[in-house]
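A.B. asks: I have a structure I would like to understand better, so I am pasting it below and will then ask my questions one at a time.
The values are calculated or read from the model by the stated rules, or taken from the named source; none is laboratory data. Treat the numbers as computed from the prediction; the structure is a model and nothing was measured. Note that each Cβ is placed from the backbone with ideal geometry, even for glycine, and that neighbours are counted across all protein chains shown.
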Amino acid sequence: MLMRNSGLVLALAIAAGASLAAQDGKPKTVGGCPAEPAAFHACALDKAKTFTPPRSRSGKPDLQGYWRGQLAQSFSVEGVSGSEPLVGSSVMPWQISPAMIVDPPDRKIPYQAWAIPIGRIGVNYHQYVDPRTACGSGGVPRLALQDASQILQPDGDQFLVWLHEDHHVQRVIAMNGRPPLGTDIKVTNGDSRGRWDGNTLVIDSANFNGYNWFDDSGNFYTDTVHIVERLTMIDRDTIHYEVRVEDPKVYTRPWTLVWALVREKEPGFELLEEACREGQRDLDTLLQSGMKYYFEKPWQGR
Amino acid sequence: MRKVFTSALVAALFSLAADRASAQTARTSDGKPNLQGVWQVLNTAAWDVQDHSARLGIPAGQGVVVGNEIPYKPEALAKKRQNFQNRATADPETKGYLPGVPRIMYMPFPFQIFQTPESVLMVFEYDRGVRTIYTNGTPHPRGPLNWWMGDSRGRWEGDTLVVDVVYFTDETWLDRAGNFHSDALHLVERYTLADLDHMNYEVTLEDANVFTSPWTMRMVLYRRKEPNVRVLEYDPGRLMDEAEAARH
């Protein structure tokens, strides 16, 4: 357990930006909506009906700028209750938090029975190094709650780029209707194709290699996951971020996560370089303690 | 006026001739040369930026260094030779680290350029590298900073994108042959479209710790024309870890 904690200290150091956002930014409302994911979800969808977003030079909704996750934490997408022992951790106490899941109504991941002991602070958490701690990508959608990100809508509207400070991850989202990638090619952050549904950016992604988690708890998807993200501005500085997850290999039904992206308004703000592997110090210790790389994923062969 | 109209017509004809599917035009909507698209070198600089004979698994190549000689200080030349001897383990590439600039520009992997009025963005298949070249008139931030990919600030000189890059580490090399620099490296890069599908790339390296004078590399970037071309993913660190995991 001590070894595990040393890994978490590293993760904490990496995620300093996200922690600050979680501790400093706990407003009662976000974008004029209640600061609880399910209540925010209902309110934001309503607000979006009447808000007209700013337009890019080519007339598309303008989502460009720097953004930070709000109403989100990286401990567990299912939320953290007061009875969770990690809330009392002396090294990195988890914070009591509501679930970011808005569907199904019980706000739990609808895992198939075999997957429950693997996710949810189970086999993944206890036996595998968090792929993000091993300097992998945070993965989709976890990327959008770690550190700052930047959305660019380059000239010509053929692509949209979502840059993440976290481990210098970049997502190129094809807006030109190109065909999907062949199914034999798997990539960490998926093959992402976008379109505008009214004022909402819809990003449809597949071809994931399944090497990523949703959160620190080891909640997971596999290489058959299909993720649809919906980004809708509800005011000039707030995006309603909705993520629908479907993976017949591991869940009994599709389910949905929601949080907010709030504009970073610090004057002169720019993304910094966050090299990870280049400064990695703790991975060997974790591996020597018996933790395994997540590549040996416990769902292999399913 | 007539001349402006003619050059606009020529530009329009060029853009018609270009691949319609990529909607490539000669100018961005703010009138700058349109560098957007997927690019890649076709040279052997990744192995050795200088002239070199073939070695097993390595193609012979004519160097990209103008004049072929790199003006190393005597002690730096000795270090370069030592790097070459130890390259199988000493090359930072073998550790899966970000390769730095300019090395990432001539890795044998594609990269994609995007443009907004504020920046020219480069997204690399190799190690999911990313370079934001700010073209919004902002200066380098206050240093000292040590970044693997440096800090890039660009400006347009006519139709040439000129980029000033500083704030490096001393832990990246220039190629697999042990050519190297210190954290005092200062680059001036020049990107000029020769035509819609070819871009001249020139980079001048200045580093008083290692070189006696600035020196220059020149090469051509080729537009990848396959209709289905895209930047995929080659994450060397992850692949190394995956191979390591498979050994246990």
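A.B. asks: If you go through region A:204-262, how many residues are over 28 Å from A:Gly182 (Cα atoms) and basic (Lys, Arg)?
C.D. replies: 1
A.B. asks: A further question follows. Residues that are within 14 Å of chain B (Cβ to nearest Cβ): list the strands (runs of 3 or more DSSP E) wholly contained in region A:157-252 that include at least 3 such residues.
C.D. replies: Per the criteria, A:159-164, A:169-174, A:191-197.
A.B. asks: State which residue is nearest to A:Lys60 (Cα to Cα) when the search covers only region A:136-153 and only residues that are surrounded by fewer than 23 Cβ atoms within 10 Å (Cβ to Cβ) and facing another protein chain (nearest Cβ under 8 Å).
C.D. replies: Ranking the qualifying residues of region A:136-153, first place goes to A:Gln153.
A.B. asks: For region A:255-289, what are the residues that are at positive phi and either in contact (Cβ under 8 Å) with a residue 60 or more places away in the chain or of a type in the set (A, V, I, L, M) (or both)?
C.D. replies: Result: no residue meets the conditions.
A.B. asks: What number of residues within region B:138-156 are farther than 27 Å from B:Trp173 by Cβ and either facing chain A (nearest Cβ under 8 Å) or part of a strand (DSSP E or B) (or both)?
C.D. replies: Of the residues in region B:138-156, 3 are farther than 27 Å from B:Trp173 by Cβ and either facing chain A (nearest Cβ under 8 Å) or part of a strand (DSSP E or B) (or both).
A.B. asks: Quickly run through region B:100-118 and pick out the residues that are part of a strand (DSSP E or B) and free of Cβ contacts under 8 Å to residues at least 24 places away in the same chain.
C.D. replies: Correct list: B:Thr116 only.
A.B. asks: Still on this model: Among the residues of region A:81-115, write down those that are in a helix (DSSP H, G or I) and either in contact with a His (Cβ under 8 Å, 6 or more places away or on another chain) or crowded, with 18+ Cβ neighbours inside 10 Å (or both).
C.D. replies: Residues satisfying the conditions are A:Leu86, A:Ala115.
A.B. asks: For the list (1) in a strand (DSSP E or B); (2) under 22 Å from B:Asp30 (Cα atoms), I need the number of the one condition that B:Met219 fails.
C.D. replies: Condition not satisfied by B:Met219: (2).
A.B. asks: Of all residues in region A:251-302 being within 17 Å of A:His164 (Cβ to Cβ) and among the aromatic types (Phe, Trp, Tyr), which is nearest to the chain's Cα centre (by Cα)?
C.D. replies: Top of the filtered list is A:Trp259.
A.B. asks: For region B:113-125, which residues satisfy the criterion of being at the interface with another protein chain (Cβ under 7 Å from one of its Cβ atoms), touching a strand residue (DSSP E or B) at 6+ places or on another chain (Cβ under 7 Å) and within 28 Å of A:Lys186 (Cα to Cα)?
C.D. replies: B:Phe114, B:Leu121, B:Val123
A.B. asks: Okay, moving on. Tally time: how many residues in region A:76-116 are under 16 Å from A:Val245 (Cα atoms) and among the hydrophobic types (A, V, I, L, M, F, W, C)?
C.D. replies: Count: 7.
A.B. asks: Continuing with the same structure: Select from region B:177-195 the residues that are buried (at least 20 other Cβ atoms within 10 Å of the Cβ) and part of a loop (DSSP other than H, G, I, E, B) and list them in ascending order.
C.D. replies: B:Ala177, B:Asn179, B:His181, B:Leu185
A.B. asks: Quick test of your reading of the structure: B:Arg128 fulfils all but one of (1) at pLDDT 95 or above; (2) within 12 Å of chain A (Cβ to nearest Cβ); (3) surrounded by 22 or more Cβ atoms within 10 Å (Cβ to Cβ); (4) out of contact with any Gly (no Cβ under 7 Å at 6 or more places or on another chain). Name the failing condition by number.
C.D. replies: Here B:Arg128 meets the rest and fails (1).
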